[in-house]
Each structure stands twice: as C-alpha cells, then as structure tokens.
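Chemist: First the structure, then my questions, so here it is.
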C-alpha cells in the first residue's frame, strides 16, 4: 500500500429521520449520483411499511437488518495447492454492508412492481424472518458451519 489510508468520512443522518443507518442505506441504493431518486425509493418503501405493519418503519427496518446481517462468512484461501473455504467472523461495518447489499439484490430480483414496493415487501419479509435476503444469510452460515474444519487456516 502506498501513501496514507484515506480517512473515514462521517456520514450525516438522512433528512427525514436523521438516522445514519438509513442515510447509508440510501447511499447504497443510489445509482449514478441520483440521491433524490434513492431517497424517494427508500421513503416510499417506508410509507408502505408504515401502512402495512402499523409500526414505525425505522423499527421494522432495524429489525430486518439484524436478521439479514451475517455473523460468519467464508473466504477462499490457497494452502499447498488446494483451495479451502475458510470461515471468518464478519466485522461490524462489513456486516451492515453485506446485509444492505443482499436486501437490495433481493428487492431487485422481485418482478413486476416499482422498486419502492419491492423494497418494502422485502424489508417486511426480512423482519418476519423470511425472504431472499434472510435465505442468503442462512446459506452463508451453513457454508461456514460445514467448513468449520478449515478454521485453523484463518490465521
């Protein structure tokens, strides 16, 4: 690595809820610098969540993110000519990043509705413990569990 590492930027809260996690999520959804479009998608989804669940959408979103974020992941490691899938514990920022990415991918895979509706239904499903993003997490955890024998390569 050359030079200094770039400093971490402090992200301000989103305009409606003043929540840093929601602001980060809006940034993950944003494409080609169109932040207002991303905000409309997230806030539209939150309006649907509030209407369907009769709860605070931030509470439902946080509950969904807790159920999506992985605790373990596998990374490939080459040892003596063989590739092993070695399980590693996931750090905090990467947990949120992976969970957000999986939630957005799962919403995009749903067909036939606007993005804010697909996102709302995926968040509601994740908060209840099902949905494509939660299944992805369980798959990753199963993979890490089955490769636990190679955990000694993690050093």
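No lab work stands behind these numbers, since they all come straight from the coordinates. As the structure is a prediction and not an experimental result, all values here were calculated from the model. Here Cβ is always computed from backbone atoms with ideal geometry, including for glycine, and neighbour counts include all displayed protein chains.
Chemist: Please give the calculated 222 nm ellipticity per residue for the chain, where each DSSP H segment of at least 4 residues contributes -39500 (n - 2.57) and the sum is spread over every residue; nearest 500 deg cm²/dmol? Before the final figure, lay out each step's value.
Modeler: Working: 6 runs with 87 residues, N = 155.
That comes out to -18000 deg cm²/dmol.
Chemist: Quick check on the exposure proxy: order 79, 90, 37 from fewest to most C-beta atoms within 10 angstrom.
Modeler: On the way: 79 10, 90 18, 37 14.
Going from sparsest to densest Cβ surroundings: 79, 37, 90.
Chemist: Taking 0.36 nm per residue of separation and subtracting the Cα-Cα distance, what length does fully extending residue 93 through residue 117 add?
Modeler: Working: separation 24, 0.36 × 24 = 8.64 nm, distance 2.67 nm.
Going from the current span to full extension adds 6.0 nm.
Chemist: Using a Gaussian network for the chain with springs between C-alpha atoms less than 10 Å apart, which of these wobbles most: 107, 23, 64?
Modeler: Of 107, 23, 64, the most mobile in the Gaussian network model is 23.
Chemist: Highest first, please rank the peptides 49-61, 114-126, 6-18 by the mean number of other Cβ atoms sitting within 10 Å of their residues.
Modeler: Result, highest mean Cβ count within 10 Å first: 114-126, 49-61, 6-18.
Chemist: Let me ask something else. Roughly how tilted is helix 20-29, in degrees to the nearest 10 and between 0 and 90, from the longest Cα axis of the chain?
Modeler: Helix 20-29 sits roughly 80 degrees off the main axis of the chain.
Chemist: Cα axis of helix 57-68 to longest principal axis of the chain: angle in degrees, 0 to 90, nearest 10?
Modeler: The angle comes out near 20 degrees.
Chemist: Give the label of the value calculated from the structure for P(r) over Cα pairs in 5 Å bins from 0, in percent, choosing from (i) 2, 9, 16, 19, 17, 13, 11, 8, 5, 2, 0, 0; (ii) 1, 8, 12, 15, 15, 15, 12, 9, 7, 4, 2, 1, 0; (iii) 2, 8, 15, 16, 14, 12, 9, 7, 6, 5, 3, 2, 1, 0.
Modeler: Recomputing P(r) over Cα pairs in 5 Å bins from 0, in percent here picks out (i).
Chemist: What's the center-to-center distance, using Cα atoms, between region 1-76 and region 119-155 in Å?
Modeler: If we compute the Cα centre of each part, the gap is 19 Å.
Chemist: From the convex hull of the Cα coordinates of region 90-155, what is the mean projected area in square nanometres? Let's see the in-between values first.
Modeler: Working: hull surface 21.1 nm².
It is 5.3 nm².
Chemist: Where is the GNM fluctuation largest for the chain (alpha-carbon springs, 10 angstrom cutoff): 95, 135, 78?
Modeler: So, out of 95, 135, 78, the one fluctuating most is 78.
Chemist: Suppose R0 equals 35 Å; then what is the FRET efficiency for residue 53 and residue 8 from their Cβ-Cβ distance, rounded to the nearest 0.05?
Modeler: Values: r = 34 Å, r/R0 = 0.97.
Efficiency, from the Cβ-Cβ distance: 0.55.
Chemist: Follow-up question, since we're still on this one. Over the chain, what is the relative contact order in percent, taking alpha-carbon pairs closer than 8 angstrom and at least six residues apart? Before the final figure, lay out each step's value.
Modeler: On the way: 188 pairs, mean separation 38.2, N = 155.
RCO, the chain: 25 percent.
Chemist: With a ≥ b ≥ c taken as the square roots of the eigenvalues of the C-alpha gyration tensor of region 67-122, please select rounded if a/c is under 1.5 and otherwise prolate if a/b is larger than b/c or oblate if it is not?
Modeler: Working: a/c = 4.72, a/b = 2.28, b/c = 2.07.
Since a/c reaches 1.5 and a/b is larger than b/c, the shape of region 67-122 is classed as prolate.
Chemist: Would you mind checking the tilt of helix 92-109 against the longest principal axis of the Cα atoms of the chain, expressed as 0 to 90 degrees and rounded to 10?
Modeler: Computed tilt is about 60 degrees.
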